Amino acid sequence: MEWNKKLISLVTVVMVTSFMGTFLISSINIAMPAIAQSFDLSAVMVSWVVTSFLLSSAMFLLPAGRWGDLTGVRRLFKTGIVIFTFSTLLCGLSGSGGWLIIFRFLQGIGAAFTNTSGAALLVAAFPPRYRGRVLGMSVSAVYLGLAVGPFAGGLLTQYLGWRSIFYLSAFLGSVTTFLAFLFLGQEETAPGQGRRISALGTFFYMAGLVDIVYGSSVIPGIRGWILMGGGGLLLVLFWMSEKKASIPLIDTRLFTHNRLFAFSNLAALINYSATFAIVFLLSLYLQKVRGLTPRDAGALLMAQPVVMAILSPFAGRLSDKIQPRFLTTAGMTLSALGLAAFSTLTDSTSLGMIVFLLAGIGLGFALFSSPNMNTIMSSVDRSRYGLASGTASTMRVIGQIVSMTIVTLFFASRFGNQALQEVPPPVFLNAMKWGFTVFALICSVGIYLSYSRGKMDRGK
């Protein structure tokens, strides 16, 4: 295949956008202690600075996937970049923790639009034999953002303050917006234009997520359990309504009749549920318990995403040659072992051991992510690329929400409304230990799903 200017421009724009989103996520994790001190936030409120972004992303990813199929993914991609850039600037200008959480929520909506349309743009533009390669390049940009974020975030926080992270991200967003409007061109004709998705199903889905996530932050009070139970019921109603919808947010038949699609998405959900909160917890551990500066903590936490960024393209190419399930199973196994080891951390664990474990989990994630995404996108026909991309992105973000919800549950039950700075280190270590234990158990389930998904048909 010959790479022309159009294809190069497309890959570049998607990669820059992918880098920008994860750079912000990973750099903000390092700035959490500084943000907590700036606004005198409790541990639970600190977790909401991360969770609000993930919640809105999850709420809008599935609807965005269908909107992309019905009205065109290029238009959706451009809209997402504009929303993301503007809300990022507002985050930097926030005058309180509450406003920061609100603007992070808006930021997540923009991220949902770009995440769900980016993979669809790439898959639609390249033939099947090149999908693993270009998706690997996109995932590599994601991990490059994760790799640069901790160190850059630590430097910015230590020398310029945490707000500088948002200002830099807003600048990157402006550049990306310019590139997108310059190179992506006009929208192609969308065959489903003018049709509408189910409003009732959308309501059940969004309300269910909000109830579950908010409920976790007010546990162990009875209100928290009621909200989480009600949220679960709303998601059941969502699934039932989707079976009858003419244009569903999620095609339930793909989960009930397409084993490859279903198991690959569930494996992604498991993987992100088990691994997303690693950097969040370790950032607090390194700065609160071990006394590292934001700069030094960020430099140490680079170990995991650097390995992911370097090896993801190779894993993507390898998945074009051998069955992806072998790669994803190996990756999930490495992640489970690393998480189990993290549950044994103490206040005197060698920093070298922490770097080693992070690198091992980074290798596991690289072996899992690109091959898994290749499997998901190759298990559906062209007309469902937007839906498949949106579903995969939703599994990722819901997994991230589950990961942060588990952390919030332990924080709320053990710390209450204590300010983060006032939590005794032994109490924090105990909460972190149980969090990593739960994550390791969750990841073990993903090993079965990864291997049992079946073979990918490369002829599709």
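The values are calculated or read from the model by the stated rules, or taken from the named source; none is laboratory data. What you see is a predicted model, and the numbers here were worked out from it, not measured in a lab. Here the Cβ is made from the backbone with ideal geometry for all residues, glycine too, and neighbour counts use every protein chain on show.
Miscellaneous remarks
- Subset tally (residues that are of a type outside the set (S, T, Y) and either under 13 Å from V445 (Cβ atoms) or surrounded by fewer than 22 Cβ atoms within 10 Å (Cβ to Cβ) (or both)) for segment 261-278: 9
- Cβ pairs under 6 Å, 6+ apart, first in segment 427-454 and within 20 Å of L357 (Cα to Cα), second part of a helix (DSSP H, G or I) and charged (D, E, K, R): A431/R414
- Any hit, segment 224-246, residues being closer than 27 Å to L135 by Cβ, outside the structural domain of A141 (by TED's automatic domain parsing) and buried (at least 18 other Cβ atoms within 10 Å of the Cβ): yes
- Hey, L135 surrounded by 20 or more Cβ atoms within 10 Å (Cβ to Cβ), under 10 Å from M15 (Cα atoms), touching a residue at least 60 places away in the same chain (Cβ under 8 Å) and over 14 Å from the mean Cα position of the chain (by Cα) or not: yes
For (1) closer than 28 Å to L249 by Cβ; (2) modelled with pLDDT of 85 or more; (3) surrounded by fewer than 22 Cβ atoms within 10 Å (Cβ to Cβ), each residue gets a yes or a no:
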site: K5; (1), (2), (3): no, no, yes
site: S9; (1), (2), (3): no, no, yes
site: N29; (1), (2), (3): no, no, no
site: Q37; (1), (2), (3): no, yes, yes
site: S47; (1), (2), (3): yes, no, no
site: T51; (1), (2), (3): yes, no, no
site: R74; (1), (2), (3): yes, no, yes
site: I81; (1), (2), (3): yes, yes, no
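- Residue in segment 109-118 that is in contact (Cβ under 8 Å) with a residue 24 or more places away in the chain, surrounded by 24 or more Cβ atoms within 10 Å (Cβ to Cβ) and more than 24 Å from T51 (Cβ to Cβ) present: no
One line per residue, one yes/no per condition, for (1) in a helix (DSSP H, G or I); (2) of a type outside the set (S, T, N, Q); (3) under 21 Å from L122 (Cβ atoms):
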residue: M332; (1), (2), (3): yes, yes, no
residue: L339; (1), (2), (3): yes, yes, no
residue: T346; (1), (2), (3): no, no, no
residue: G360; (1), (2), (3): yes, yes, no
residue: N372; (1), (2), (3): yes, no, yes
residue: M377; (1), (2), (3): yes, yes, yes
residue: A412; (1), (2), (3): yes, yes, no
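- For segment 267-285, the condition of being aliphatic (A, V, I, L, M) and free of Cβ contacts under 8 Å to residues at least 12 places away in the same chain holds for none of the residues.
- Screening Q287 with (1) crowded, with 24+ Cβ neighbours inside 10 Å; (2) over 23 Å from the mean Cα position of the chain (by Cα) gives one miss only, at (1).
- Sole exception among (1) at pLDDT below 80; (2) aliphatic (A, V, I, L, M); (3) not in a loop (DSSP other than H, G, I, E, B) for M206, by number: (1)
- Selection count, segment 69-126, where residues are among the β-branched types (V, I, T) and either within 17 Å of V139 (Cβ to Cβ) or touching a strand residue (DSSP E or B) at 6+ places or on another chain (Cβ under 8 Å) (or both): 3
- Complete set of residues in segment 422-436 that are more than 17 Å from W48 (Cβ to Cβ) and assigned to a helix (DSSP H, G or I): E422, P425, P426, V427, F428, L429, N430, M432, K433, W434, F436
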